[in-house]
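Data first, discussion second: the structure below is written as structure tokens.
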Amino acid sequence: MDFGQQRLQQQDAAKMMMYQNPGYQFERRTNKSLIVEVTMGTSPNTFDVDLFEPLLIDKLSDIYLDSFTTFNAIDNNAIENSFIVLHINEFNVQSNIATNLHTGATSFDSTKYQSILIPNEATDETNTHVHKGKKMNYVCSSNPTKLTKLSGKITNAGTSANPPVYGTAFAGTGRFVAEFVIVARE
């Protein structure tokens, strides 16, 4: 085969490659950031927020709590205020609990079951407090999904049905910001 024929075959091969489907193989970021900012309204413990744009988790991923900040949270001067319990319905948190605190004669306190526990660093109720600052705490794993909203509940460590995280003087003004990092598994 002479040089001219080889060159024509290479040009034809190049034209065919240009119109072939590459399988949509491109570099994807393995980390995604999700910032949840919630101002507590009339319901002091529950929240429901829509995402600005849908969050697509396209492969098995691990979710980490990177930072957690509150404004007007109760101070940690009592044992029931020693930590914050955050439950997000859309996260498959598989935490278990063992406790000797009972809510009744035979029932156990299950408010912390399948929730995220965050130490309460607040020393007063009128400031902003960073409770978890940039540490990448494992929360759960997630299968591929598309998230359009997040809902859940935030309470303190008390054993009552709905222990508040925000003081009664600050009803409707309490706020928290949670930053999650979603890391795709290789």
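The values are calculated or read from the model by the stated rules, or taken from the named source; none is laboratory data. No experiment lies behind these values; they were computed from the predicted model shown. Here the Cβ is made from the backbone with ideal geometry for all residues, glycine too, and neighbour counts use every protein chain on show.
Worth a mention:
- Qualifying position, being within 27 Å of LYS146 (Cα to Cα), hydroxyl-bearing (Ser, Thr, Tyr) and surrounded by fewer than 19 Cβ atoms within 10 Å (Cβ to Cβ), among SER61, SER43: SER43
- Every residue from the stretch 64-87 that is buried (at least 18 other Cβ atoms within 10 Å of the Cβ) and in contact with a helix residue (DSSP H, G or I) (Cβ under 8 Å, 6 or more places away or on another chain): ASN72, ILE74
- Filtered residue count, the stretch 1-35, keeping only those that are in contact with an Asp or Glu (Cβ under 8 Å, 6 or more places away or on another chain) and modelled with pLDDT of 85 or more: 3
- Restricting the stretch 40-63 to residues that are modelled with pLDDT under 85 and among the β-branched types (Val, Ile, Thr) leaves a set whose member that is nearest to the chain's Cα centre (by Cα) is THR46.
- Pairs linking a residue in the stretch 134-148 that is under 13 Å from ILE118 (Cα atoms) to a residue that is of a type in the set (A, V, I, L, M, F, W, C) and part of a strand (DSSP E or B), with Cβ atoms under 6 Å and 6 or more positions apart or on different chains, are ASN137/LEU65; VAL139/ILE63; VAL139/LEU65; VAL139/ILE116.
- Matching residues in the stretch 96-151 - criterion: being modelled with pLDDT under 75 and touching a Lys or Arg at 6+ places or on another chain (Cβ under 7 Å): ILE97
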